[in-house]
Structure formats: C-alpha cells, structure tokens
Amino acid sequence: MSSKLVHIGVRASNLEKSIVFWRDALGLEVASQTDGCCDLTDGYHNFRVFQHNGDSRPSHVGGMLDYLHIGVRVPDLKTAAERCQELGFQIFSDGLGGKQVLDSENLQEEAFKVEDPDGITVDITETKAQWPGVEL
C-alpha cells in the first residue's frame, strides 16, 4: 500500500482574498470554514488556508523565487484564465525569457501561471500528462 497525499496547508495574509482566489478563480470547493481557517477541496485533496496572525511573512515565501509553487489541473484552461483575469489576477508564463504577461484570449501553451494574493505561484494546466504519477 502506498501513502496518499491528502492535505496541503498555507497561511494567508488576507484569508478572504485567498478564498476568492482558490474558490472563485480556480474552482476549488469550500468544504468547511471557521474563523481564521478555510478548508477547500477538489474531492481528493484537502487544501487548508489559515489566516496568518503572526509577524510579517518572510519575503522568500512568495513570488517567483521558486520557494514554493502549487500545481492545479482545471477542466478548461481558457475558462480558468478568463476567471483569473476577471477577478484581477494576472496570468503569465515564466519560460526562458523570464516572466511574460499572458492574455486569456491568446493562450499559446498548455499551461499558465498565476500568483495567489500572497505571491504563491500556481501552475495551471488542463492536460493530464503535466505531472507524472497523478492519475486523477
């Protein structure tokens, strides 16, 4: 029997903005919400977002410094890109030429990236071949 990845947790500087991102822009469902905490799910994994109440977050946690990124597969890449842009989240590519802003109307690749309100990079794709070992 192999282990199963079932939960990822992150702290948010603004919980409500983070819920809008994960629920409305990327389509995860809210499974439970209490003061200071929201559990979202894709039906297989739990993604818990906590309100950060401590000292300021260190600068290396977010942005394109590759300290952390999360991958999400969506049913329709163009629709996800449009939702992100409608909600004010910039979509981009970060290939060899550096960060390039994209437009949902002209997606040329099988994926795009977007940052959550705290700068955590999320790699968005609709292809099932993007991440080896994921069969769902």
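Read-outs: derived from the displayed coordinates by stated rules, not from any lab. Quick caveat: nothing in here was measured; it's all calculated off a predicted structure. When we count neighbours, we look across all protein chains shown, and the Cβ atoms used for this are built from the backbone with ideal geometry, even at glycine.
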List Phe92, Phe50 from most exposed to least, where exposure is judged by having the fewest other Cβ atoms within 10 Å.
Phe50, Phe92
Placing unit charges on C-beta atoms (Lys and Arg positive, Asp and Glu negative, everything else neutral), compute the dipole magnitude of the chain about its Cα centre in debye, rounded to 20.
340 debye
Interchain or sequence-distant (5+) residues whose placed amide H lies within less than 5 Å of the amide H of Ser13 are His52
If packing is taken as the mean number of other Cβ atoms within 10 Å per residue, what is the order of 121-134, 12-25, 76-89, highest first?
12-25, 76-89, 121-134
Residues whose placed amide H lies under 5 Å from that of Ile120, excluding near-sequence neighbours
Gly63
Karplus-derived 3J(HN,Hα), 6.51/-1.76/1.60, for each residue of segment 26-37, Hz, glycine and proline x:
9, x, 6, 8, 6, 9, 6, 9, 10, 4, x, 7
With r as the distance between the Cβ atoms of Val30 and Leu5 and R0 = 22 Å, compute the FRET efficiency 1/(1 + (r/R0)^6) and round to 0.05.
0.60
Looking only at lysines whose Cα falls under 22 Å of Lys128's and that sit 8 or more positions away or on another chain, we get Lys4, Lys78, Lys113
How far apart, in nm, are the 7 Å Cα→Cβ label points at Leu68 and Lys99?
1.8 nm
For segment 70-82, Karplus couplings with θ = phi - 60° (6.51, -1.76, 1.60), whole Hz, Gly/Pro x
10, x, 10, 9, 10, x, 9, 4, 4, 4, 5, 4, 4
